[in-house]
């Protein structure tokens, strides 16, 4: 199954987990290549649809930040090979962010201290999308600025979606996974 990375507004730094996955992990690719600002939803949706249409077989989308909006806007107009989506730290943009139920399994990774959305706001987006919420704990915006280069917990979440399996416990669950298991995760 394809694993398509849907970037946010800006160009992610090479230290960012999504860049590392695109470079180092088999099966991960950009959909589309990360653009520079400004964020143009119509263009981003068209680019995502082109990648999905050109590919072979089902896909899991892995969106970060404003890339979560791209997934929502895409789902308003298209159907296709998307089986699931991991929506990582979506920003709260009250009058702009799509809120319709997504037609595939989705999981919102929510941070307890994201400067772009409170945990409650991320949970509200998840409720509108019909998504599960995965509590990542206090991880900021889950980007290279907050120390996220490697993100093994995220890879496990993607693989759980690929397999159609249950999710590993979030940070608020007993055992405080993933931080205790993944020492490189802050």
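The values are calculated or read from the model by the stated rules, or taken from the named source; none is laboratory data. Since we're looking at a predicted model, the values are computed, not measured. Neighbour counts are summed over all protein chains in view; Cβ atoms, including those assigned to glycine, are modelled from backbone coordinates with ideal geometry.
Scan segment 82-99 for residues that are part of a loop (DSSP other than H, G, I, E, B) and touching a helix residue (DSSP H, G or I) at 6+ places or on another chain (Cβ under 6 Å) and report the count. Break it down stepwise before answering.
Here is the first cut: in segment 82-99, the ones part of a loop (DSSP other than H, G, I, E, B) are 89-99.
Filter once more, keeping what is touching a helix residue (DSSP H, G or I) at 6+ places or on another chain (Cβ under 6 Å): 90, 92, 97-99.
The total comes to 5.
Only residues that are out of contact with any strand residue (DSSP E or B) (no Cβ under 9 Å at 6 or more places or on another chain) and in a helix (DSSP H, G or I): list them for segment 121-152, please.
Result: 124, 128, 144, 145, 146, 152.
On the basis of being in a helix (DSSP H, G or I) and in contact (Cβ under 8 Å) with a residue 12 or more places away in the chain, does residue 106 make the cut?
Spelling it out, it is not the case that residue 106 is in a helix (DSSP H, G or I) and in contact (Cβ under 8 Å) with a residue 12 or more places away in the chain.
Quick check on segment 4-16: of everything there that is modelled with pLDDT of 90 or more and either at positive phi or in contact with a helix residue (DSSP H, G or I) (Cβ under 6 Å, 6 or more places away or on another chain) (or both), which residue is surrounded by the most Cβ atoms within 10 Å (Cβ to Cβ)?
6
All but one of (1) surrounded by 24 or more Cβ atoms within 10 Å (Cβ to Cβ); (2) touching a helix residue (DSSP H, G or I) at 6+ places or on another chain (Cβ under 7 Å) hold for residue 67; state the number of the condition that does not hold.
The failed condition is (2).
Just the residues that are closer than 19 Å to residue 60 by Cβ and buried (at least 18 other Cβ atoms within 10 Å of the Cβ), please, taken from segment 99-124.
102, 104, 106, 107, 108, 109, 110 - these are the residues of segment 99-124 that are closer than 19 Å to residue 60 by Cβ and buried (at least 18 other Cβ atoms within 10 Å of the Cβ).
Out of 51, 62, which single residue is surrounded by 14 or more Cβ atoms within 10 Å (Cβ to Cβ), in contact (Cβ under 8 Å) with a residue 24 or more places away in the chain and part of a strand (DSSP E or B)?
On inspection, the qualifying residue turns out to be 62.
Quick check on residue 30: is it more than 22 Å from residue 131 (Cα to Cα) and either buried (at least 21 other Cβ atoms within 10 Å of the Cβ) or within 17 Å of the chain's Cα centre (by Cα) (or both)?
So residue 30 passes the test.
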